[in-house]
Structure formats: C-alpha cells, structure tokens
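Engineer: One structure coming up, written as structure tokens, with questions to follow.
The values are calculated or read from the model by the stated rules, or taken from the named source; none is laboratory data. Not measured: the values here are computed from a predicted model. Cβ placement follows ideal geometry from the backbone for every residue including glycine, while neighbour counts extend to all protein chains displayed. Areas reflect the complete protein model, heavy atoms only, side chains present, ligands, DNA and RNA absent. Shrake-Rupley method; radii C 1.70, N 1.55, O 1.52, S 1.80 Å.
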Amino acid sequence: MGTTNNLSAVDILIVEDNPKDAELTLRALRKNNLANNVLIAEDGEEALDFFFYRNKYKGRCPDSPPKVVLLDLKLPKVSGLEVLREVKSNSKIKNIPVVVVTSSREEPDMIEAYNMGVNSYVVKPVDFEQFMNAMSSLGLYWLLVNDTPR
Amino acid sequence: MGKKYRFKKPRNITFISIWFFYSLIVIAGGIFYYSYLQNEADEKVNEELSAVADLKAGQIERWMKERVGDGHLLMKNKMVSEAVDDLISGKHSGYFTDYLRSLMEAYRVSYEYRILRLADSQIRILMASPSGDSLIGNPAGRDVAKAISENRLIISDFHSSPVIPYPHIDMVVPIRRNKEVDTSAFAAMVFVISPQETLYPLIESWPTPSKTSETLLVRREGDSVLFLNELRHFKETALKLRLPLTDKSIPAVRAALGFEGSFKGKDYRGVPVITNIRRIKGTNWYMVAKVDSHEIYTPLRFQAGAIIIICLLLIVAAGFATGYLRRNLETRYYQLQYETEKERAAAETRYREQYNILRGLNESSEMPIFSLDRNYRYTSFNSAHANTMKKIYDTSPDLGVSIFDCMTNESDRELAKKNIDRALAGEKVVEEAFSGEQELQRIYFEETHNPIVNDSNEVVGVAVVVRDLTRRKQMENELRRMNDILEEKVKERTSQLEAANRELEAFSYSVSHDLRAPLRAIHSFTSILREDYGNRLNEEGLRICDIIESSSVHLGQLIDDLLAFSRVGRATMKPVRIDMEAIAGSVYNELLSGSEGRDVKINIMKLPRTWGDATTIRLVWTNLISNALKYTSKNTNTEITIGYEQHKGETIYYVKDNGVGFDMKYYHKLFGVFQRLHSQKEFEGNGVGLAIVYRIISRHGGKVWAESKPGEGSVFFFSLPSVKPNEVEQE
C-alpha cells in the first residue's frame, strides 16, 4: 500500500473506517499517481490525533499540512462532523481543505457540514466507474489545481 | 294608543250663552230698526210741523200787518181828521158824522173788528161802533193817551179788561190835525181786535186731517208762560192758562224761553208730543205747532209688533238650532266616549293578555327573572327569583319594595347597585359572579342587566335575568381537567413518537449509509475483477460480472428511492403562497431537457396560486410530469396538458397525457410503494414516484386520484385545501 509512515509529510489524509472504500479510493488516486503521500486514519479519534499531534502522531512534521482531507462522516468513536468541527473551529488548521466523502446524501448532514465550513461535499456513487471518476477528479483538483495559503 | 283629538262634553251654559247673545243681537237689531222707523216718522212729522208752523207764522204776521195797515190807512185819512175835528168842535155836521159812523161801521163789519171807538185826548168816547159803548177802561185808556201824546200807532198785546172781558188786542190809531204846521194828534181810534173771529180759527186750523195736532200761541209773562189762544183739549184757556217756566219739558215753556225749532216733550196735559216752535216776527209771541207722539207712533206700533214677532221667531228658531246643535254634539260626544271606552277596554284586555303571557314566560323560566324601576323597586319577579332570595337572604321580595331591602349583605348590595346603575344609564351589563367559598360547592351565575326603555327611549327601569352557570362551570372545570390529562398523554405519545421518529431516522441513515457501502464494494470489486482478471474469465464469467454490476446498481437505486420516500414523510413543511404555474412550467422545462428529440405538444394553463410547501409540491409536479413523459415515450406524437378545474370551490390541478394509460382494475395498487402496473422492460421505474405524490398530497390535507384507459392516456388529479393550513400535519 502506498501510504506514508506516520511522521513524514502528508498530502492527502483519508479518514475512512471501511477498508474496502479506502482501497477503492487509493486505487483511484494511484491511477493518477497521486497516492504518494497518503495517510489513512481509520476513525475520528485517529484523525484528531493527527491534527493535534497526539499519540502516534506526536512527532509528526509540523511544517506541511495536508493539501486535502477526505473525510467520511460515519466513523467509529468520533464522527466525521465532530472532526470537521474541531478542524474548522481551530484557527491554526481551519484553512486545511476538508472534503466530506460519504455514502449517504442526507440533507441535514450536508447543511451542517457546509455551515461548519466544509470545502466540498461528495456522495460516493455506487457505480464503480462513477466512483473512480469522482475520486480521480477530487485528487487532481485538490492536489494540482487548488492552492492554499502557506 | 295614539294621541286623539280630545272632544269635550258640550256644556249647557255654552249653548245658552250662544243663544242668549244671539237673542241680544236680534233684539238690538229690532230695536235699531224700530228706532230707525221712529226717526223716519219723527223726521216726517217734523217736516210737516215745520211746514205748518211756517205757514201759520206767515199767516199771523200777514194778519198783523193787515191790521197795522188798516191803522195806517186811517191815520192818513184827512177826511177822518176833519170829521173828528168837526165832531170835537161840536159842529156835528151831519156829513162828517155820517162819514165817520159809516167808516167805523165798515171797518167793524168788513174787517172784523169787534169794536171801534173814537176817543179824544181826554179819553172821552166820541163815537163807537157798535154804538152805546161809552166807556174806555184801562189799559186802552192809557194807550189812547200814549198814542195821542206820542202821535203813533200803538198795538197792545192780548189782554182782557173789566170792560171787555174776553181776550182782545187794542190797536190805537192817533188822529192827526190836518194842518200843515200842526200834525199833532188830538184824538184816537181804538180798534178792538178779537182773535175769536180770525186769529183763533187761523191758529186752530190744520192743513191735514189730524186728531191731536194743534197750534199754540204763547208769550212769556214774568216767570211763567201764558197761553194766548184757546186750546184744543182744554176750554177757556186763552189768557188764563199759565205754566211756570221751571218745567222745561213743556214745549210752551221752551218757547217762552226763546227756543226755536223741533222739540219733543210733554204738553200742558202731560202727554208726549212732537213740536215745532217759531217766534212770530214783530211780536213777543211764540207759536208751538204740535202733535201727540201717540198719533205719530200709532202706525209704528203695528210695525213694532211685526218686528217683535220676527225677533221672537228668530230667537225661537235660534233656540231650536242651538238645541239641535247641542243634541248633535252631545250624541257625537257620547259616541266618541263610547268608542274610546271600547278601545280602552280592548287595550285593557290586550294588556291583561300580554301581562299573563309575560308572567307565564317569566314563570316558565328556571332562571330568576325580575325587573326594577328607577328607584330599585320591584316591578315584577318570578318564583325562581323569589326562591333564590329566600335561599340566599331568607327574605321575600314584593312588588314596590326596594331590592336592597331584600338583601342582607352590604357587599352584595353594593355590587347589585353598581350593575343596576350601569343598566339604568342605558348599558347592557353582563356580569359573572359566584358565591360560596369551597370550590366544589361554589355557585356560579351570570346576571344580565338590560335597560327597560319607554316609547320615548328613556330608561325607566332594568330587567335582570340570572343564569345559573354552576353546571356549566363544573363541566368546564371537568373538561379542563380532562384536557390536561389528554395533553399529558399527547405529550407522552409525542415523545414516544419522537423517539420512534429518531429511531426511524437513524435506521434510514444507516440503511443509506450501511447498505450503500457493501453495495458499492460488490459493484466496484466486480468491476475490478473484470478489469484486472477479465482475461482469465470466459464469456459466461463476464456475463455474470455484468449481472452482479447491474443488480447492485438497481439495488442502489431502490435504496435511494426508499430513502427519498421516507424523507418525504419526515420533512417539515412550511406552507407558503406558491405560484403553481411557474413551478409546473419550470419542472416541465427541466424534464424536457432530458428527452430531447421528442415531439411533445405541451399545454400549460394559467394555474391559480395555492398554499403549500414549495419543495414537496415541486416534487409532486416532477413525479406527475415525468410519468407523463415516461408513459408517452413510445408515442409518435405526445400531448401533455397541465391544467386545473374549479369544482365546488376547490381547485383541482391535473396532468393529462395521451400515453399508454393503465387498466382501472389495478387502480388500488396505483399509489402503493414499489407497486408497478408496467414491467421494467416496458418502462423503467421502481414504483415510488406516485407513492411519494400520494404521501405529499395527503400531508397537505389534499386528495389525489387518477382516471385512465389502456392505450388512451391517463389523467392524474390532485386538489389542495384553499385556505392556509396552520401547520401541515406531521405524519
């Protein structure tokens, strides 16, 4: 798997508890050669550990924040919306682009996410081809097209 | 009863006075007419008297002049002078004596002198006619002397003397000397003029036939009037009858006092007379021409009688007329009185009836009813009120008694007075009150104070109706308690429902999320299998991969639709005014872009606005129009109508197509979830669209239905309530 170790710079943080979805996402990114610095957090707590240098991410390189975070909403321990709130309410990291990538198209979730300052909201298609296209587009856009303040 | 002209009973005194005054007027008229006639007669007699008096006065004057003329003729007769001179000188020539004698004879006979006497200055009679008379008495003797000495003719007044004892006038004519130097008188001729012969007949004569008319000749003598001639009614009056000047009603007295003209008075007999008085020129005589009033007025008496009869007739007629009038008026009065009495009796009966009805009505009420006048005194009350007063205050109300005397509680009195005073000021007062301390034993009542007004709209009293609200209050309290319990239960149920709803939401969320993830894995990894290991699969293996892929996509669609359906049930709805035409139009345009290349004839009518939740109503239009497009997709020409119709105040919207339609025998399945009337092969779909439509319209409180025939198209109708719902019902 082309994921980076815990302490090197991370371009894409994928917060996803479902390993099959994670694999499919990675496959899409890899096809576009975007999977070099990808980190997968398996639940919300791990994601927060990453953002706030806790536990196994204590010694993480502080200088390069991820270029995009792909955040699932339905997560064990700490939910995706909870993670989003923590990130967007912290002035140091609130500029990190966060894209919600979720299976359900639930209006309340979407409204809440946007209210908290999510940068994009994507519903994962069931169809494989559509799923691959969506993930490729996401990776290409946020890594190559988009720019963020340093 | 309206106001009526008050007809007073006619009073007898009124009629008697009317009749009396009328009679007075008639009598006055009669008197006036009679006095008019009398005046006429007076004037006529006055004229006559005046004419007679003029005539007689003229005659008397003429007679006197004739006498004086005789005297003067004698004075100028020189023959007489010579003859007398001859006689006195004693010559007694026969010629002169004869001449004198015959002359004197001639005077006496032809001029109607009674006696002629010739006297000398010694008053000796020289000659007399008739002869034999030898003495001249006084006053004739004095007149002779005076006539001779003054040499002028002297006429005495009426008088009588011892020598000539009847009334007569002496005219003494001096005989003058017939010498040029001496014309002094030396003798005198005394003419004794007796009025009996000429003057009295003259005076007594009357030119018209009359029984009472006469002429008097009078003169004043000292303080009395002396009648000179014989009277018609008294004999032997000449120079004998004297009347004192004091009684001025006697015309002769008036005449003696110098009055001339017409005069009404009483004559010497005391009989009323009408007179005309004249002074005879050249004398101190007054002539009174008179006639008895009685004679003049006798003819008037008949007329007076006629007048009196006419007057009496008029008075009697007037009496009858007033009597008739009085009877008429009295009849009318009694008739009117009778009618008034009848009306009054009818009114009384009506009043009694009304009173009984009112009392019956009052008594029929279980509610206490009573009325008061402006002084708070009872004018009516029913037994319910009497019972209440007995129960509360142990007093018995009575008509005319003040209600406050029947209340033993000061605060009750104050409250009652306040309400009654407001009603007396013209206000309708409805007040609720209660008595009793314990909630369970409390008596509630409602008092309605209504002002009683008379015809002039003045408040004359107040009517009070008391309603016992205790039962109602108890029921209200009971109801409130039940409501509270119900509310509690509703709250409980609501929280249960809310919990169930939350569960459902969590369920659908997990369905959405949890089912889609493995589905995606199935689809994706089948695709990866084909992508990475496709060269190792035979044709059948690849076909199976296709089936797995398409089935998982279908299952995903089913899950999406199911979620959409459940979302419709849960979504909150905000009713707003929505422009149906705009929504339908925009939905149609949106859907049409997905079916390019088709020949669709669309007709969207001007749809009226309605109340509803914009988002879900849009979903209704989307489903109905997309169905119409879907089921006409095999047509060569498509006609879709989006319209409405008004039915019994309701607006019914519809979407009509000319598509394949459906068999009405399956209509009961039409709006069910996952129910389809066409195969997947014919028309794709999951049978959720119409279920969603049904659910949305139901939640709006509206209705949805459809009509169709296979092959002839179908119409889908829905109606929404025309008023704004307070809140759309939550399912």
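Engineer: So, in region B:527-558, exactly how many residues are open to solvent by 10 Å² or more (accessible area, probe 1.4 Å) and at the interface with chain A (Cβ under 9 Å from one of its Cβ atoms)?
Structural biologist: 7
Engineer: Name the residue, out of B:A584, B:A564, that is over 20 Å from A:S103 (Cα atoms), in contact (Cβ under 8 Å) with a residue 24 or more places away in the chain, in a helix (DSSP H, G or I) and open to solvent by less than 50 Å² (accessible area, probe 1.4 Å).
Structural biologist: B:A584
Engineer: Test each condition in (1) surrounded by 16 or more Cβ atoms within 10 Å (Cβ to Cβ); (2) under 19 Å from B:G685 (Cβ atoms); (3) of a type in the set (S, T, N, Q); (4) in contact with a helix residue (DSSP H, G or I) (Cβ under 6 Å, 6 or more places away or on another chain) for B:S595 and report the one that comes out false.
Structural biologist: Only one criterion is unmet by B:S595, namely (1).
Engineer: Same structure again: Would you mind finding the one in B:I602, B:I642, B:I625, B:I617 that is under 12 Å from B:K656 (Cβ atoms), in contact (Cβ under 8 Å) with a residue 40 or more places away in the chain and assigned to a helix (DSSP H, G or I)?
Structural biologist: Criteria check complete, one pass: B:I625.
Engineer: In region A:129-148, what count of residues is obtained for those that are more than 14 Å from chain B (Cβ to nearest Cβ), surrounded by 13 or more Cβ atoms within 10 Å (Cβ to Cβ) and free of Cβ contacts under 8 Å to residues at least 60 places away in the same chain?
Structural biologist: 2
Engineer: Quick one: which of B:W63, B:W19 is in a helix (DSSP H, G or I), within 30 Å of B:G282 (Cβ to Cβ) and in the same structural domain as B:I309 (by TED's automatic domain parsing)?
Structural biologist: After ruling out the rest, the residue left standing is B:W63.
Engineer: For B:T632, state whether it is open to solvent by less than 20 Å² (accessible area, probe 1.4 Å), in contact (Cβ under 8 Å) with a residue 12 or more places away in the chain and in a loop (DSSP other than H, G, I, E, B).
Structural biologist: It is true that B:T632 is open to solvent by less than 20 Å² (accessible area, probe 1.4 Å), in contact (Cβ under 8 Å) with a residue 12 or more places away in the chain and in a loop (DSSP other than H, G, I, E, B).
Engineer: Then there is this: Looking only at residues that are open to solvent by 20 Å² or more (accessible area, probe 1.4 Å) and of a type outside the set (G, A, S) in region B:506-515, which one is farthest from the other protein chains (Cβ to nearest Cβ)?
Structural biologist: For region B:506-515, the residue satisfying everything is B:F507.
Engineer: Go through region B:524-559 and report how many residues are acidic (D, E) and in contact (Cβ under 8 Å) with a residue 12 or more places away in the chain.
Structural biologist: Qualifying residue count, region B:524-559: 1.
Engineer: So for region B:217-238 (the condition being exposed (fewer than 15 other Cβ atoms within 10 Å of the Cβ), in contact (Cβ under 8 Å) with a residue 60 or more places away in the chain and of a type in the set (D, E)), does at least one residue qualify?
Structural biologist: no
Engineer: Which of the strands (runs of 3 or more DSSP E) found entirely inside region B:366-448 contain at least 2 residues meeting this: more than 20 Å from B:G461 (Cα to Cα) and more than 46 Å from the chain's Cα centre (by Cα)?
Structural biologist: Strands (runs of 3 or more DSSP E) meeting the threshold: B:429-435.
Engineer: Mind listing just one residue for me: the one in region B:567-581 that is at pLDDT below 80 and in contact with a Leu (Cβ under 8 Å, 6 or more places away or on another chain) and, of those, least open to solvent (accessible area, probe 1.4 Å)?
Structural biologist: B:V568
Engineer: Let me ask something additional. Can you tell me which residue within region B:94-124, out of those that are open to solvent by 40 Å² or more (accessible area, probe 1.4 Å) and among the β-branched types (V, I, T), is nearest to the chain's Cα centre (by Cα)?
Structural biologist: The residue in question is B:V109.
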